[in-house]
Number of protein chains: 2
Amino acid sequence: MAILHHHPLDPFSRRVRLTLAELGLSADLVEEKPGPARPELLTLNPSGTVPVLLDDDGTVVCGAYAICEYLEELYGATRSFIGQEPATRAETRRLVSWFDEKFNSEVTLPIVGEKAIGRFLPVEFGGGSPDMARVRAGIAAIRGHLHMIGELTDLRNWLAGDELSAADMAAAAHLSCIDYLGDVPWHESPRAKEWYQRIKSRPSFRGLLNDHVRGILAPAAYADLDF
Amino acid sequence: MAILHHHPLDPFSRRVRLTLAELGLSADLVEEKPGPARPELLTLNPSGTVPVLLDDDGTVVCGAYAICEYLEELYGATRSFIGQEPATRAETRRLVSWFDEKFNSEVTLPIVGEKAIGRFLPVEFGGGSPDMARVRAGIAAIRGHLHMIGELTDLRNWLAGDELSAADMAAAAHLSCIDYLGDVPWHESPRAKEWYQRIKSRPSFRGLLNDHVRGILAPAAYADLDF
């Protein structure tokens, strides 16, 4: 069986877990702690970051970009999560970049970095008490992204088109990390909430809803499909 | 003819320009200023960032990830820059992520962001005098990356294998931005310098070497193939 090195509050690892589950594939999960990488992880991925997929045949694939494209190339003929036409594929990847770059820097890193990662790191690796001004700026920035999700789902069934795609999985991977910390103002955006309820109800999401991060208890609404 | 919205010191725009040139394609360049995006750019790409490719048939492709995969899918049968085998494709994309994420945050953003972008922005958009401590940290971080390039080119002809790939173009796109500011310590890594000389000598690089950024004069070595 394949092995996925991951961290439960890493949105990039979560996107890979969703993609594997949607493809009906499973992988043994190996949790990597934030901070300095273990030598075993560095051997697989010299950058020391997760996710890393070690496939059955020994192929090592590092990072969500490489892993999700790898899975698309191996299994996309049966079930593509990027799309069929060049314009659809471009739109899916535009939205993946939106969440992995823009949402990540504006929301995920400020909130998850400060509240869940930094506090467990030694000071010499950037750890310490959360910078609450940075957390508040991250929470304030969520609204615009929820609004965009609402607008897209007014036009389309899912974010990039009629079918569930890598764009939905990227968006849900980031939002689910923020939701674990109870910081998504769902009540302000009923349309985005409706979209999240749909993806959260899929069997592929169950693994994420069962996650427990040491030292951080998720609010009850996190795993509740009727949040 | 296709149109590429870009910025001359944006490494993601540079990677797209190299890819287009290596494929023998050309595009009209439209330069976008750093800071708040023009309404025309926001219409094409709601994130307001470059690069954006407007293809002949009207397809809009936003971001280096989507554009380079789009070009690979349209032209990769003739000349692939990601590779043929799954393991090669995974290795190419691992290295693209290395430069676009790790090198970008450790080196490009601190140096180019402070010295070339921030100083032209209004204060309300984060502009101001360069933070020289941040610039120095960026310059110090280059060494490890040059060392890695040297090690890879000891094993292989190019970074990801025997052929020039997207990994070389990503690495050279970032390094050429730093080189425009004269901040790459090439003398410390002869092997990385030899690799850069090879890619810099390719016809696809000429456009980059002719770039002029308003208010910033590149050192003579920037465009010199015998630097």
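The values are calculated or read from the model by the stated rules, or taken from the named source; none is laboratory data. No experiment lies behind these values; they were computed from the predicted model shown. All Cβ positions, glycine included, derive from the backbone under ideal geometry; neighbour counts span all protein chains shown. The area values use the complete protein model at the heavy-atom level, side chains included, leaving out ligands, DNA and RNA. Shrake-Rupley method; radii C 1.70, N 1.55, O 1.52, S 1.80 Å.
The table below gives the values:
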read-out: P(r) tail fraction, the protein assembly as shown - alpha-carbon pairs more than 34 Å apart, %; value: 31
read-out: Mean separation of Cα contacts under 8 Å (6+ apart) over length of the range A:86-223, as relative contact order %; value: 25
read-out: Alpha carbon centroid spacing (whole Å) that separates the range A:97-173 from the range B:108-162; value: 25
read-out: Nearby aspartates and glutamates by direct alpha-carbon distance to residue B:33 (threshold 19 angstrom, same-chain neighbours under 8 apart not counted); value: B:10, B:114, B:124, B:211
read-out: Packing rank of B:148-161, A:64-77, where each peptide gets the mean count of other beta carbons within 10 Å, highest leading; value: A:64-77, B:148-161
read-out: Per-residue average of Cβ from other chains inside 10 Å of A:44-53; value: 2
read-out: Structure-based [θ]222 nm, chain B - -39500 (n - 2.57) summed over DSSP H runs of at least 4, per residue, nearest 500; value: -13000 deg cm²/dmol
read-out: Neighbour net charge for residue B:60 - beta-carbon separation under 10 angstrom, K R +1, D E -1; value: -1
read-out: Area accessible to solvent at residue B:47, 1.4 Å probe radius, in Å²; value: 30
read-out: For B:121-131, mean number of other protein chain Cβ atoms within 10 Å; value: 0
read-out: Positive-end residue, the protein assembly as shown charge dipole about Cα centroid, Cβ charges, pick of B:203, B:112, B:95; value: B:112
read-out: Inter-chain shielding of A:73-84 (mean C-beta neighbours from other protein chains, 10 Å cut-off); value: 1
read-out: Accessible surface ranking that places the most exposed of A:96, A:50 first, with a 1.4 angstrom probe; value: A:50, A:96
read-out: Distant-in-sequence amide H partners of residue B:159 (H built 1.01 Å from N, under 5 Å); value: B:165, B:168
read-out: Efficiency of FRET from Cβ geometry, residue A:80 and residue A:56, R₀ 35 Å, rounded to 0.05; value: 0.95
read-out: Protection-proxy order for peptides B:202-209, B:99-106, each taking the mean of Cβ atoms within 10 Å per residue, highest first; value: B:99-106, B:202-209
read-out: Scaled radius of gyration (Cα, divided by 2.2 N^0.38 Å) that chain B gives; value: 0.98
read-out: Test item: Cα-centred dipole of chain B, Lys/Arg +1 and Asp/Glu -1 on Cβ, debye; value: 540
